[in-house]
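Undergrad: Would you mind keeping the following structure in view while I ask a few things?
The values are calculated or read from the model by the stated rules, or taken from the named source; none is laboratory data. All figures in this text were calculated on a predicted structure; none of them were measured in a lab. Quick reminder, even Gly has a Cβ in these numbers, built from the backbone with ideal geometry, and neighbours come from all protein chains shown.
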Amino acid sequence: MSSETRSALARRSFLARFGTGAAAFGAAFAAAGSTAGAQSPAAPAAPWQPARHAEDDWFEQVSAKHRVFFDSTTANGFGEAIFFANNTFIANRTGYGLTDADLALIICARHEATPFAFTEAMWAKYGGALAERAKFSDPKTKEAPVLNVFQTAGYGASLLNNGVLLDAVLKRGVRLAVCGLATRAASSLIAQKTGSKADDVFKELTEHLVPNAHMVPAGIVAVNRAQERGYSLAYVG
């Protein structure tokens with residue numbers, strides 16, 4: 001047998017073996033694909049849900065149809081929050097026929113706005129330190145106030161609540177979230193100026209919150225929790 005003949009036979013033998021192997025591979029691949037196609041698709045991941053904490057249950061107001069959270073960090077912002085909360089009541093009544101009970105409104109008093117969540121007694125006693133913490137001067141006297149100006153009539157347009165008193169919106173159902181961290185800072189400042197113990201001052205301040213006020217661990221955390229509980233956020237400065 002010539003070398004050319006032997007070479008031709010070898011090529012035919014290789015091709016025959018290759019064809020058999022390719023066919024077997026194709027059958028195996030097809031079977032694997034059929035098996036994979038028969039498997040159920042992976043279930044989609046459950047949508048993320050925020051954790052619920054009992055400490056935040058005070059946000060709930062079951063009767064309310066709408067929820068708004070006014071975030072204030074300054075004296076001016078706190079005044080605007082009072083004014084806007086009052087406007088929210090008015091507009092929902094005149095435009096939608098809703099009652100005050102249909103609305104869940106919370107004003108957050110944090111950072112420099114925190115001192116205005118304390119009563120007249122605390123301003124009479126610690127007005128200098130509270131005003132320093134709030135970076136605020138009484139627009140009438142140009143000095144540190146000895147009263148909570150947002151609970152006092154007669155300031156009119158000199159304050160951004162435009163004559164709407166804090167007590168008035170609290171009586172309509174507005175609640176306050178009061179920053180615990182800022183209250184701690186105010187307590188430390190008062191303690192330094194009076195020679196008192198910061199923990200004692202903190203306890204005193206927490207016992208003299210305005211009506212409908214709730215002390216929270218931190219105002220910024222309350223901002224987060226309120227949104228997770230379905231409140232619309234209105235930042236007022």
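Undergrad: Restricting the first residue to the stretch 209-225 and requiring it to be farther than 12 Å from His53 by Cβ, which pairs with a second residue that is buried (at least 19 other Cβ atoms within 10 Å of the Cβ) and of a type in the set (Asp, Glu) meet a Cβ separation below 7 Å and a spacing of at least six or different chains?
TA: From the stretch 209-225, the pairs are Val223/Asp71.
Undergrad: Filter the stretch 83-117 down to the residues that are among the acidic types (Asp, Glu) and under 17 Å from Cys179 (Cα atoms) and list them by number.
TA: Answer for the stretch 83-117, where residues must be among the acidic types (Asp, Glu) and under 17 Å from Cys179 (Cα atoms): just Glu112.
Undergrad: Taking interchain pairs and intrachain pairs at least six residues apart, which have beta carbon atoms under 7 angstrom, with the first residue in the stretch 50-65 and touching a residue at least 24 places away in the same chain (Cβ under 8 Å) and of a type in the set (A, V, I, L, M, F, W, C) and the second surrounded by 14 or more Cβ atoms within 10 Å (Cβ to Cβ) and not in a helix (DSSP H, G or I)?
TA: Between residues of the stretch 50-65 that are touching a residue at least 24 places away in the same chain (Cβ under 8 Å) and of a type in the set (A, V, I, L, M, F, W, C) and residues that are surrounded by 14 or more Cβ atoms within 10 Å (Cβ to Cβ) and not in a helix (DSSP H, G or I), the close pairs are Trp58/His214; Phe59/Arg229; Ala64/Leu103; Ala64/Ala104.
Undergrad: Only one of these conditions is not met by Ala191: (1) in contact (Cβ under 8 Å) with a residue 12 or more places away in the chain; (2) surrounded by fewer than 19 Cβ atoms within 10 Å (Cβ to Cβ). Which number is it?
TA: Answer for Ala191: the failing condition is (1).
Undergrad: Taking into account only those residues within the stretch 205-220 that are assigned to a loop (DSSP other than H, G, I, E, B) and among the aliphatic types (A, V, I, L, M), which is surrounded by the most Cβ atoms within 10 Å (Cβ to Cβ)?
TA: So, considering only residues that are assigned to a loop (DSSP other than H, G, I, E, B) and among the aliphatic types (A, V, I, L, M), the one surrounded by the most Cβ atoms within 10 Å (Cβ to Cβ) is Val210.
Undergrad: Only one residue in Phe136, Phe69, Phe89 is part of a helix (DSSP H, G or I), hydrophobic (A, V, I, L, M, F, W, C) and either touching a strand residue (DSSP E or B) at 6+ places or on another chain (Cβ under 9 Å) or at pLDDT 95 or above (or both). Which one?
TA: Exactly one residue qualifies, and that residue is Phe89.
Undergrad: Scan the stretch 107-164 residue by residue and report those that are over 19 Å from Ala81 (Cα atoms), free of Cβ contacts under 8 Å to residues at least 12 places away in the same chain and buried (at least 17 other Cβ atoms within 10 Å of the Cβ).
TA: The one that is over 19 Å from Ala81 (Cα atoms), free of Cβ contacts under 8 Å to residues at least 12 places away in the same chain and buried (at least 17 other Cβ atoms within 10 Å of the Cβ): Lys125.
Undergrad: Restricting the search to the stretch 165-181, which residues are buried (at least 23 other Cβ atoms within 10 Å of the Cβ) and part of a helix (DSSP H, G or I)?
TA: Listed by number, the residues that qualify are Leu166, Val169.
Undergrad: Testing Ser63 on (1) modelled with pLDDT under 95; (2) of a type in the set (S, T, N, Q); (3) within 20 Å of the chain's Cα centre (by Cα), one condition comes back false. Which one is that?
TA: (3)
Undergrad: Checking Gly95 against (1) out of contact with any His (no Cβ under 9 Å at 6 or more places or on another chain); (2) not in a helix (DSSP H, G or I), which single condition isn't satisfied?
TA: (2)
Undergrad: Any idea how many residues of the stretch 42-64 are surrounded by 13 or more Cβ atoms within 10 Å (Cβ to Cβ) and either more than 16 Å from Gln227 (Cβ to Cβ) or of a type in the set (S, T, N, Q) (or both)?
TA: 1
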